[in-house]
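A quick write-up on the structure given underneath.
The values are calculated or read from the model by the stated rules, or taken from the named source; none is laboratory data. Just so it is clear, the structure is predicted and the values come from calculations on it, not from any experiment. Here Cβ is always computed from backbone atoms with ideal geometry, including for glycine, and neighbour counts include all displayed protein chains.
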Amino acid sequence: MVDAKSASDDDDTSEEEVQQETQEELNKKLLDAVKKDGSGDLKAAEEAIKKGADVYCEDNGWNPLLWAACNGNEDIVRLLIQHRAHDKYLENDKEVNEGHGDEEEEKDNFKPVPDPAKTGRHTPMHWASYHGHIKVVWLLMKVKMNPLLMDIHGNNCIHQAAANS
């Protein structure tokens, strides 16, 4: 009888610990899961997101989508895309950010690429291109991430891919 009671007490304690996890701890779990051994831990990432980890969280300028793209982890990239982690990298295009916009309004296919001095960052597309993760690049292009965005040095994804052969 004592064993059964202590076993249920252990279950209650673990549930309380799970409920007491702060946002910072959940975010750290997500980042650790994505970075784990370079290939990531999909189950741990799913669990952290399910518990409320922020898919936009950052540590030293790196977020989960950047890590997953850099490491070429297609499954984690798919998971993060499902949770809209790529939204912060989309251009301020009404059609992209709000769904499909008005049918009457024509889209400008020759819109200039943003100024590198204003962009100033490497996107998940840059990292996937640099490391030759073609399937990840394809996944990111599928959600309308722009491969022509330039970093502060004026390099786009094609330059990044060529830089690392």
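Couple of notes before you dig in:
- Leading residue by the ranking (modelled with the lowest pLDDT) among those in the range 7-48 that are polar (S, T, N, Q) and within 26 Å of I76 (Cα to Cα): Q19
- Count - residues of the range 52-77 that are surrounded by fewer than 17 Cβ atoms within 10 Å (Cβ to Cβ) and closer than 21 Å to E24 by Cβ: 7
- The listed residue being within 22 Å of H83 (Cβ to Cβ), aliphatic (A, V, I, L, M), at pLDDT 85 or above and touching a Leu at 6+ places or on another chain (Cβ under 7 Å), out of M141, M125: M125
- Of residues in the range 21-47 being assigned to a loop (DSSP other than H, G, I, E, B) and either surrounded by fewer than 15 Cβ atoms within 10 Å (Cβ to Cβ) or not acidic (D, E) (or both), the one farthest from the chain's Cα centre (by Cα): T22
- Candidate set from the range 131-148 (those that are surrounded by 15 or more Cβ atoms within 10 Å (Cβ to Cβ) and without any contact (Cβ under 8 Å) to a residue 40 or more places away in the chain); member that is farthest from R78 (Cα to Cα): P147
- Considering the range 59-70, the residues that are at pLDDT below 90 and part of a loop (DSSP other than H, G, I, E, B) include one that is nearest to D87 (Cα to Cα), namely G61.
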